[in-house]
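The values are calculated or read from the model by the stated rules, or taken from the named source; none is laboratory data. For clarity, every value in this text was computed on a predicted model and none was experimentally measured. Cβ sites come from the backbone with ideal geometry, for glycine too, and all protein chains shown count toward neighbours. Heavy atoms of the whole protein, side chains included, go into the accessibility calculation; ligands, DNA and RNA do not. Shrake-Rupley method; radii C 1.70, N 1.55, O 1.52, S 1.80 Å.
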Amino acid sequence: MKQKIIALLLALAAAVSLTACGEAGDSSITEEETSSDSVSSEAEDSSSLESEEAAILAAVPNEAREDCVAYLTDGTMTNDTVVMTLDGTDITADMLIYFLGYYETYYMSMFSAYGYDIELEDSYSDDMTYTDFFLQIAENAAVQMTAARVLAESAGVTFSEENQTSLNESIASIVESDVLYVGANSEVMEELFACTIYGNAYQDTVYGEGGAEEITDEAAEDYADENGYYNCRYILFYGLDDDGNALEDEALEAVQAEAEECYQSLSQLSGDALVEAFQTQQEELNYDGNTEEFYVTPSSSLVDGFSDAVLSLEEYQVGMSDATSYGYFVVLRLPLGDENLDSVKEDYASSLFSAAISDAISAAEITYEDVLDEVDYAAFFEKLAALQEIIDSAA
């Protein structure tokens, strides 16, 4: 896989997630504990990165740095060429080319890594090539990012001081050679970061406390129930041998009996006594060593049968799973708690915002300029690959 795409993945994740950002945890090293050696090392690392970036940029053709879109399309478009409009709002070529270069680079790298020999002119489906496919998803991404900003601005959303600080930090993180690697420029990255933060601000303003569509605790709890969010503790009674194979019937029956004994003893308790006893048993008996609460979201990857066991319970009720591929689980369902409920609210807000964007796009008039049909995309991707080779060789 091409090396520079790793940095672009991080940049794209920041630019197009359109979800609220979490707070960073406190550092475990205080200012007083930071040694002069570590400060010196960080300074040396920064100087080394700056030198590497300077060497890369020195190898890049000046025309690419001045206007990468014009360079890659042989002047058919420039960075500022309007290629689409969304209800009269211009979408320029630099944004489209960012996504086009990104998706082509990412997918073709993945295809190669997994051994697929795919060419851009190959058929993606009955009516489109891979080039057509990459252009289509790039156009969709550019429309979605633009719609996010338009939606936020139409709702009167403005940047808070925190939003502006976040934007400034994101802009400061931009590495020019990373952006050039997919045929774009630093200015469009600033626009993408701004669109993302507008989206975050919209969610805070509309769905946050006091917002026009505030997500209450009750609404978040209903959303959690409907979508598979829950909090619990568990004790795993392991049903596999050292080689990962299922135990023989007699041994497995002994594991089941141990789990049932634990379940029966705990099911006699309730309230705080149950929670305390379960935690004690968890510390003593849980095969995988986890002694903490276990918060589950729809994206969690779990063994079949685990969620069924927990979701069949009321809060502060203990239960036992059927046999699973790992053995038996004794589980205690718990309330989500404030921190997890806040996480559910963020996910719910993100879902509502995505739906609002989809509705806005469906209702919008989107135009596509003729210049999109004038680009020689085969030549474009060939020239992009050559530019990436220059950057890789200089890195």
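Please determine whether any residue of region 297-304 is in contact (Cβ under 8 Å) with a residue 12 or more places away in the chain and touching a Leu at 6+ places or on another chain (Cβ under 9 Å).
Checked against the condition, which is being in contact (Cβ under 8 Å) with a residue 12 or more places away in the chain and touching a Leu at 6+ places or on another chain (Cβ under 9 Å), region 297-304 yields no hits at all.
Hey, among A273, A277, A309, which residue is in a helix (DSSP H, G or I) and loosely packed, with under 12 Cβ neighbours inside 10 Å?
A273 is the lone residue from the list that is in a helix (DSSP H, G or I) and loosely packed, with under 12 Cβ neighbours inside 10 Å.
Give region 61-80 a look and list any residue that's open to solvent by 10 Å² or more (accessible area, probe 1.4 Å) and either closer than 18 Å to D178 by Cβ or touching a Leu at 6+ places or on another chain (Cβ under 9 Å) (or both), or say none.
Result: P61, R65, E66, D67, Y71, N79.
With the condition kept exactly as written, say whether any residue in region 245-258 is open to solvent by less than 50 Å² (accessible area, probe 1.4 Å), closer than 30 Å to I197 by Cα, at pLDDT 95 or above and touching a Gly at 6+ places or on another chain (Cβ under 7 Å).
no
Could you list, ordered by first residue, the pairs with Cβ atoms under 6 Å in which the first is in region 70-85 and among the small types (G, A, S) and the second is not in a helix (DSSP H, G or I), at least 6 apart or interchain?
If the second residue must be not in a helix (DSSP H, G or I), the pairs left are A70/T78.
In the set P335, P298, which member is modelled with pLDDT under 95 and open to solvent by 20 Å² or more (accessible area, probe 1.4 Å)?
Result: P298 is the single residue among P335, P298 that is modelled with pLDDT under 95 and open to solvent by 20 Å² or more (accessible area, probe 1.4 Å).
Taking region 186-234, which residues are part of a loop (DSSP other than H, G, I, E, B) and either open to solvent by less than 20 Å² (accessible area, probe 1.4 Å) or small (G, A, S) (or both)?
Correct list: G208, G210, G211, A212, I215, G228, Y229.
Table: residues versus (1) over 15 Å from L96 (Cβ atoms); (2) modelled with pLDDT of 95 or more; (3) outside any helix (DSSP H, G or I); (4) aliphatic (A, V, I, L, M).
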| position | (1), (2), (3), (4) |
| --- | --- |
| D359 | yes, yes, no, no |
| S362 | yes, yes, no, no |
| D373 | no, yes, no, no |
| A378 | yes, yes, no, yes |
| A385 | yes, yes, no, yes |
| S393 | yes, no, no, no |
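Would it be correct to say that I91 is within 24 Å of A194 (Cβ to Cβ) and in contact with a strand residue (DSSP E or B) (Cβ under 8 Å, 6 or more places away or on another chain)?
Against the criterion (within 24 Å of A194 (Cβ to Cβ) and in contact with a strand residue (DSSP E or B) (Cβ under 8 Å, 6 or more places away or on another chain)), I91 qualifies.
I'm checking my understanding of the structure. Among residues of region 119-136 that are out of contact with any strand residue (DSSP E or B) (no Cβ under 7 Å at 6 or more places or on another chain), assigned to a strand (DSSP E or B) and more than 18 Å from V375 (Cα to Cα), which one is least open to solvent (accessible area, probe 1.4 Å)?
S125
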